Amino acid sequence: MANHIEQYMRTLKLGGLAKEWRSVDYINTEQYVGDLMKLELREREVNRINRLVKTAGFQVLKTLNEFIWKPEIELPSGLTKEYIEGLRFLTPKENLIFMGAVGTGKTHLATAIALKACQEGRCARFFTAASLANILLEKNSRGALNSFMKTLKKAELIVIDEIGFVPLHKEASELLFQVISECYERKSLIITSNLEFSQWNSVFGDNRLTAALIDRLIHHSHIVIFSGPSYRLTQSMLRQKEIKV
């Protein structure tokens, strides 16, 4: 009979119950049914979060617990790490722009924030600027751009990492501008870049488009400066010392 019960549960897509229903103690009918429902709801929430994390497209998972707020990270007046880590910038649809040299923690923090959003049941997406540009070009060439843009509309937070690493040609720049324009005052962006705004023209190749893109980005934005030595370089040097010892 137990096997039949589990089969019925799986047929009804009650996977959480099928796995764990035997672990629920029976005191009375109301309590038992309630505990069974809680069990299924917990399972569904875990599965939903796992789907959100998978859909986000993280290259590597990083958490806020692992992030070190070094003194070299300069927060603008009025912005606190609690405001950032608490995801409070999402409600007013503010942007975070992380600027600084390679290896100073920009990507780690951006990833950790987006991961926390997923863990709270919020839809986030993660792209490098180059990968997003390539996706946009490919979707546009296949006539599937509108469909892809609709998937981005579901996101509450979009991370565009590494603006400045790879120059973009004209069509890619225009498509990326379209994404940022459609996010304006509708959702939050986290942008990371190793270049100051004055150097962004070397990436987008068009003065007017670059100016318009920056104008949309910095409105409702907090700009965080990451300075100091590369974290990855520092860790590598420490490992080398440990090997020599």
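The values are calculated or read from the model by the stated rules, or taken from the named source; none is laboratory data. Treat the numbers as computed from the prediction; the structure is a model and nothing was measured. Cβ coordinates were reconstructed from backbone atoms using ideal geometry, including for glycine residues, and neighbour counts include every protein chain displayed.
A few notes on this one:
- Residue within the range 163-185 that is in contact with a Lys or Arg (Cβ under 7 Å, 6 or more places away or on another chain), surrounded by fewer than 21 Cβ atoms within 10 Å (Cβ to Cβ) and not in a helix (DSSP H, G or I) present: yes
- Cβ pairs under 6 Å, 6+ apart, first in the range 112-137 and closer than 15 Å to residue 49 by Cβ, second acidic (Asp, Glu): 122/156; 123/156
- Among (1) in contact (Cβ under 8 Å) with a residue 24 or more places away in the chain; (2) more than 14 Å from the chain's Cα centre (by Cα) - the single one residue 63 does not satisfy: (2)
- Selection of first residues in the range 30-47 that are over 16 Å from residue 5 (Cβ atoms) and of second residues that are among the charged types (D, E, K, R) and surrounded by 12 or more Cβ atoms within 10 Å (Cβ to Cβ), restricted to Cβ pairs under 8 Å at least 6 apart or on distinct chains, gives the following pairs, ordered by first then second residue: 43/19; 43/20.
- Condition met for residue 147 (part of a helix (DSSP H, G or I) and farther than 19 Å from residue 213 by Cβ): yes
- Candidates are the residues of the range 102-133 that are under 13 Å from the mean Cα position of the chain (by Cα) and among the β-branched types (Val, Ile, Thr); the one that is surrounded by the fewest Cβ atoms within 10 Å (Cβ to Cβ) is 128.
- Qualifying positions in the range 52-91 - assigned to a loop (DSSP other than H, G, I, E, B), polar (S, T, N, Q) and at pLDDT 95 or above: 63, 80, 91
- Scanning the range 107-131 for residues that are in a helix (DSSP H, G or I) and under 16 Å from residue 188 (Cβ atoms) yields a count of 10.
- Yes/no for residue 97 being touching a Ser or Thr at 6+ places or on another chain (Cβ under 8 Å), within 26 Å of residue 130 (Cα to Cα), assigned by TED's automatic domain parsing to the domain that holds residue 124 and β-branched (Val, Ile, Thr): yes
- Test: residue in the range 187-204 that is among the aliphatic types (A, V, I, L, M), surrounded by fewer than 16 Cβ atoms within 10 Å (Cβ to Cβ) and assigned to a helix (DSSP H, G or I): no
Listed here are the residues, each with its yes/no results for (1) surrounded by 15 or more Cβ atoms within 10 Å (Cβ to Cβ); (2) acidic (Asp, Glu); (3) more than 30 Å from residue 193 (Cβ to Cβ).
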{"residue": "18", "(1), (2), (3)": "yes, no, yes"}
{"residue": "34", "(1), (2), (3)": "no, no, yes"}
{"residue": "61", "(1), (2), (3)": "no, no, no"}
{"residue": "75", "(1), (2), (3)": "yes, no, no"}
{"residue": "81", "(1), (2), (3)": "no, no, no"}
{"residue": "94", "(1), (2), (3)": "yes, yes, no"}
{"residue": "100", "(1), (2), (3)": "yes, no, no"}
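- Index of the failed condition, residue 73 passing every other in (1) in contact (Cβ under 8 Å) with a residue 12 or more places away in the chain; (2) under 23 Å from residue 215 (Cβ atoms): (2)
- Evaluation of residue 144 against (1) closer than 30 Å to residue 63 by Cβ; (2) exposed (fewer than 15 other Cβ atoms within 10 Å of the Cβ); (3) of a type outside the set (D, E, K, R) (one fails), failing number: (1)
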